[in-house]
Structure formats: C-alpha cells, structure tokens
1. Can you work out which of the residues in segment 62-77 that are part of a helix (DSSP H, G or I) and loosely packed, with under 14 Cβ neighbours inside 10 Å is farthest from the chain's Cα centre (by Cα)?
2. Check Pro122 against each of (1) under 13 Å from Asp137 (Cα atoms); (2) of a type outside the set (A, V, I, L, M, F, W, C); (3) in contact with a Pro (Cβ under 8 Å, 6 or more places away or on another chain) and name the one condition it does not meet.
3. Which members of segment 227-245 meet the condition of being surrounded by fewer than 18 Cβ atoms within 10 Å (Cβ to Cβ) and under 29 Å from Gly291 (Cβ atoms)?
4. Do the conditions hold for Glu433, that is, is it free of Cβ contacts under 8 Å to residues at least 24 places away in the same chain, touching a strand residue (DSSP E or B) at 6+ places or on another chain (Cβ under 7 Å) and more than 20 Å from Ala511 (Cβ to Cβ)?
5. Could you say whether any residue in segment 145-157 is buried (at least 16 other Cβ atoms within 10 Å of the Cβ) and at pLDDT below 70?
6. Mind counting the residues in segment 352-390 that are under 21 Å from Thr327 (Cβ atoms) and either at pLDDT 75 or above or out of contact with any helix residue (DSSP H, G or I) (no Cβ under 8 Å at 6 or more places or on another chain) (or both)?
7. Evaluate the following for Leu219: is it in a helix (DSSP H, G or I) and at pLDDT below 65?
8. In segment 40-61, how many residues are without any contact (Cβ under 8 Å) to a residue 60 or more places away in the chain and more than 51 Å from the chain's Cα centre (by Cα)?
Amino acid sequence: MPTPRANSEVCISVKPDLVSRRIENRFRQLLEAAPDAILEVGADGRITLANAAAETMFGYTRAELVGQSIEILVPQDSRSVHTRYRVGYAESPRVRPMGTGLELEGQRKDGSLFPVEISLSPNRSGESASVIAIVRDVSQRQHMEMMLRRSQERLRQAEKLEALGRLAGGVAHEFNNLLSMVLGYSELLLPAVPRQSRHYVEKITASAKRAAALIRKMLAFGRRQMLEPRVLDLNTVVIESCRIASRLLGDNVETVVLPALEPAWIKADPAQIDQIMANLASNAQAAMPQGGKLTVNVSRAEVGENNLAGHPNVPPGSYVLLSVSDTGSGMTPEVQARLFEPFFTTHEFGQGMGMGLPSMYGTVVQSGGSVNVHSEPGVGTTFQIYLPSVQPEEETAPPATEQQDTEHFRGTETILLVEDQAPLLELSREFLERLGYRVLTAGLPEKAMQISREFAGTIDMLLTDVLMPGMNGRELGYHLRKERPQMKALYVSGFADRVFEHSGGPDVDEAFMEKPYSFDELARKIREML
C-alpha cells in the first residue's frame, strides 16, 4: 500500500454547473432586492423577465407580465410612438442612463398612470439580443419637488410683501406727520375764517381725513397699525357685518351666513374684522356684476402635523376659520400671485385704490392668523381666514364719553412735549398753550432728558412721538419716569406697534394715540389722563 507523501496537495474539483447555480442565485437575490422595476424585453418586444418591484409597481403578477408586449405598460395614446421608438432602439442599441430629459409615464394594470424614469441597456447573449429596462416611479419625488417649489414661491411672496410692508410703513410715518400738521392748522384756522369761507377749510379737513384713512390701510398692510384687540365671538361680529353688507350688495346678490354651532372665540380688533368683511364683500360684488351668491361660513379648524398639506401657510394649532366664497368671475393664477400687493387692482381707474385686500392681509397676519385663497376663472373665489382660537374672557366695554367742545379740556399743568419734526413741534406747542398748559419743548430725546434734569418744578405729562433718532419715545418715557414716577406719559405715532410689540403695551399712567389725530381728540385724551 503506497504511503502518502508529506505536504501533498489536496485538489478539490467544483463542478461548473454548481458555480453557475451560485452565480444565478446571487443574481436573482440582487434582482429581487432592487427597489426599481427591472424588465428584460426580447427583440420581438415581449417581456422575458420581471422582478418583484415590477409586480408591485405595475400591479401585474410575474406570470401575467412574462410573454406580454412591453406596450401594455405604456399609456394607450403613447403605444404606437413607443413601438416605433423600440424598433429604432433595437437597430441601434446603446446605453441610455436614467432620466435623460424625457418625461415618460407608465400605466398600471388598473389603468392609472404615473410618472417614470427609464434606463435602457442592450444585452446580447450568443445570437439573441434583448434590452434591460430599469423603471423608477418618480411620482413621490415630483410631489416633493412641487411642494418645494410652492414653499419657495410662498417664501418669495412673503419676503416681497414684507419688503413692501416696510416701505408702506415708512412712507405712512412721514405722511402721518404731514397730515397731523394739515389737520392741526385747519382746526386752528377755522374759528378765524369768515363764515362764508369756512367750507373751504372744512373741505381741506375732510380731504386730510380721507388721506389718513388711506394711510391706515397702508399701515394695516405693513402690520404697523396699533390694534385694540379683545376677546369676541366671531359669529356675532360676522352676522352683524353681513347684515350691513347685504344691503350694500343689492338684491341680485344672495348672502348666506353659516355661523359655527358654538361660540367661535378669537382675540381681534372688532373694527378690523368689520373692515375685513367690508373688503371681501366689496370684492365679491365687483366679481358678480350680474348677481350671484356670497356664502360666509364660520367653523373650527384643527391644524396638525398630519394635515398640514390641506392648510397651506397655516402653522399647527387651533383656529377659527372664516370662509367667504362668491360665485363670481374668479381669478387667474397671475392675478392671485399679486393679490395682496398694495395698489394692485383689476378695477377700472377710479373704482378702487388696491388697498382693501393688502390691508386685510396685514391685519390678519398681525392678529396671528393666515390667509389662503382658492380661485378659478368662471367658477368663483374663496378666501379662507384662519384666526387663532382663544378661551372666552369677561370683558367690560369702556364707558362712553360725551362730546364736548375743546374749551372744556383746558388745563394749567406742565407738559414736556417731544417731537423731532420741528413744524409739528411748534404747532402742538401753540395748541397746548392756547388750552392753558405750560409747555416745555424738545426736538430730540437727549434734549428732553436734559430739560427734565434741569427743571425744578413738576412735569405732569410727557407727550412724545414714538419713533425718533437715537432713542424711541417708549425708552425715553422709561428713563424719565424712573426720576419722575408721578409723571403720566402719552405716546403718539402712526408707526409704533413694533416698539410696543417688543416692550409690551402701555403701562399704568401711559397711553397711546395713533397719528394723525385731531386736536380735539388730543385735548380730550390729555384731560382724561390728568
């Protein structure tokens, strides 16, 4: 018996068919694990292989796919074109990477269509030739891209509106000072004008007040006006507003009001809600010259992370939803894109200034809400206004004041008047001195602080503009009242909400008046506080 040699080599032979099966199994595992549909198509256009993803994507079983023409996976109206393209590709096969600019669609077994990207690779084995097609469903990606584009567009629109709001607010601030002087000098001039000429001064005053109303709309758009919010039931305000609006809309417009089944508590300025309803009713009337239907609906809306898609522009939270719909002419996407821009209007010249909807938008956002618009030409328009829902509170209405002549509001106290606009400073000083007050004047906050330090007597009130160089009026009041705690403070401005937003509303012994104001209002307010 032969003895084996040391270090002899052990030879293991592996059968070729075993290696082939291992490669084939590995190939099939990769094929079945692929997230994209993989199809092999023969030269005759029939499917010879399909993976599990192809079954899931198209809704056919593998047995149903194999042997069928590849055109069953193509939309009906594209099959003839696809056949010609397939024949041309077979004559000149080449690798075509995924997503080379073609917008393609696939068709499922149930007939539904979906967007796809397809990568093609020629495959030759011996005498036979086929094509390997990798199909990717891109519907989810396209949806995400669309949502991203919408978000970017909303962001651009918001940035544009914010920039316009800052511009509007800055312009309004300067105009308010000018209008304050026009109204003030008109009031001072009126008693000295002969009776037969007084109507001219009255017309000047009326025009200035109309200009002031426009300025308030600009401030509302820029979210710079001072609101006087209180807790209220939106149902009550809307019902009353619609009752008035229905008279203005005329008999050919049917107004339907659908209040919420329970109180819809919000915190807002009721006058601004009335203005919102008036603006929307006016726009609806313009959109329905031949008549139609205006539907106003109040409801509750809960916006959560799971339903944000149905409430664009609205953060999660509890809201009261005010929906105002008309059956009018509707709007094109181009008009909708500019809807909240100041002075943009589709009305004829002289029929509107284009500030109604911008001011509405500003007021809603300043109140913590959001606005969505849905419109289609020939169908109508729906405005959806989301206002934060709050808990009811006990509130008492302020006592009514009797109308009295300015002379009833005379006084002898000392007022420190601070105003950086020299003409307005001089005008206000003259008016207050006519009422009997002792007036100390300063054009800048630093000068006012110096006067306060050097004046030995009592200063009963600080009357100051809010926006001034170096130091705002609120800061000035804070410093002066530390040294003179008994001094009252009356702040005036038409552009002040940002100051009070960051420092809180007026404290005890403080008050705010919006410019432009009449001297009668100023005299009344000073006497109220003193």
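1. Looking at residues that are part of a helix (DSSP H, G or I) and loosely packed, with under 14 Cβ neighbours inside 10 Å, I get Ala63.
2. (1)
3. Result: Thr236, Ile239, Glu240, Arg243, Ile244.
4. Against the criterion (free of Cβ contacts under 8 Å to residues at least 24 places away in the same chain, touching a strand residue (DSSP E or B) at 6+ places or on another chain (Cβ under 7 Å) and more than 20 Å from Ala511 (Cβ to Cβ)), Glu433 qualifies.
5. Yes: segment 145-157 contains one or more residues that are buried (at least 16 other Cβ atoms within 10 Å of the Cβ) and at pLDDT below 70.
6. 17
7. yes
8. Adding up the residues that qualify gives 5.
The values are calculated or read from the model by the stated rules, or taken from the named source; none is laboratory data. This is a predicted model, so every value here is computed, not measured. All Cβ positions, even for glycine, are placed from backbone atoms using ideal geometry, and neighbour counts span all protein chains on display.
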